[in-house]
Amino acid sequence: MEQQRVRVGIVGPTGYAGMELVRLLAQHPYMDITYLAGSGAHTGPIGDALPHLRRLSKLPPVSAFSADACAESCDLAFVALPSGESGAIAVELVQRGVRAIDLSGDLRLPGDVYRTWYQREPVADDVLARAVYGLPELNRADVSAASLVANPGCYATAAILALRPLVDWVKSKRVGPVVIDAKSGATGAGRAAKQNLQLGELANDFYPYRVGVHQHTPEIEQGLDGVFRILLTTQLLPIPRGIFVSAYVSLDPDLAADIHARYASFYESAPFVDVLPPGHVPHIKSVAGTNDCQVSVAWNERTGILQVFSAIDNLGKGAAGQALQNANLMCGFDETTGLTETSLWT
């Protein structure tokens, strides 16, 4: 029996996450891109704005966004616009019968928490209650039944996947703050022109940013069931794409011997999470251009600290790849469909 095809739209196709969605969806065996729209800054063939997509000449032209036009053209839409704009559009589409995946932070947190960390007004509480947090490794069944999905943040994805296997172990214990040292490539900051992202500023430099106030902090704590208080430091790497997380957890020594086995068991049915053998560590280059997450653990007996490392592509598992994984689940496809590419490496 022939697989029914799904008509998909992308709102915000010329940002980094949006253009990655175009690249992935153009090769998907069961999805067709039927609608492309943005803020109106660019209209016409997408190849005019993004030369690497010129060969995709059969795609619909980019137009100014219209909820009615999107609803008429699409069964499912990805909304990849900035926070403060994206979530409301995703909600508007769901109200018109279109399943939607929001790649911004607008639908990930309770309203009061969002207001504090994003310094914006949230969408209505009843809308937030409908949105499913789209980390398939935790919420696969809920995502499959959802009409509205909040795609996780890039740092949050890498950090939650690094630490989630520990949650049930430490729920009954008093655990001190978990220190997360997280580094991202420059595409995590978006395509808008910023002085600190110019080559002459970023090259040969390395520094922390949003110290103590990064908006993914409460998202990580929420994704870990509130068991850990997180101290998150985010840092900018002079590379285009990739995230590397190093997390440090005080752990009961009695648990140390079983730690690798626990991680391997926890992610046994997660096709995109690769728990590396003892003694191996993740590499950003190993996950570049993929939807994969590499994780490794190392117990430091001298200090009683568990070191956990994870690496993802911030545009892959941290954004567009994970959004497509969620869309596959929502449409009843195998979650790996269209996402089996190996790493770019170089």
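The values are calculated or read from the model by the stated rules, or taken from the named source; none is laboratory data. Values in this document were obtained by computation on a predicted structure and should not be read as measured data. Counting neighbours? That spans all protein chains shown, and the Cβs are built from the backbone with ideal geometry, glycine included. Note: accessible area is taken over every heavy atom of the protein model, side chains too, but ligands, DNA and RNA are not part of it. Shrake-Rupley method; radii C 1.70, N 1.55, O 1.52, S 1.80 Å.
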Taking a probe of 1.4 Å and leaving out DNA, RNA and ligands, region 20-127 shows per residue an accessible area in Å² of 46 Å²
Rounded to the nearest 5, the percent of DSSP beta bridges in the chain running antiparallel is 45 percent
Residue-normalised value, i.e. accessible area per residue, for region 288-329 at 1.4 Å probe, in Å², stands at 23 Å²
For region 68-197, the percent of all C-alpha pairs falling in each 10 Å bin, from 0 up to the bin holding the max distance, is 11, 34, 35, 16, 3, 0
The longest stretch of the chain containing none of the trypsin sites (Lys or Arg not before Pro) that sit in a DSSP loop with at most 16 other Cβ atoms within 10 Å is 230-301
Taking a probe of 1.4 Å and leaving out DNA, RNA and ligands, region 173-257 shows per residue an accessible area in Å² of 52 Å²
Expressed as a whole-number percentage, the relative contact order of region 15-154 with C-alpha contacts under 8 angstrom and at least six residues apart is 17 percent
Set Lys194/Lys317; Lys58/Lys317; Lys183/Lys317, cut-off 19 Å on Cα-Cα distance; pairs above it are Lys194/Lys317; Lys58/Lys317
Of every hundred units of 1.4 Å-probe accessible area on the chain, the number belonging to carbon and sulfur atoms, as a percent, is 49 percent
Region 330-345 and region 47-69 have their Cα centres apart by a whole-number Å value of 23 Å
Calculating Kirkwood radius over Cα pairs in Å from this structure picks out, from (i) 22.1; (ii) 20.5; (iii) 24.1, entry (ii)
For Lys171, counting only aspartates and glutamates whose alpha-carbon sits under 12 Å away and dropping same-chain residues fewer than eight positions off, the answer is Asp225
If R0 = 51 Å, then Trp169 and Ala26, at their Cβ-Cβ distance, give a FRET efficiency to the nearest 0.05 of 0.75
Quick calc, the chain, dipole around Cα centre from Cβ unit charges on Lys, Arg (+) and Asp, Glu (-), nearest 20 debye, gives 560 debye
What helix-only [θ] at 222 nm does the chain give? Using -39500 (n - 2.57) per DSSP H run of at least 4, over all residues, to the nearest 500, the answer is -7500 deg cm²/dmol
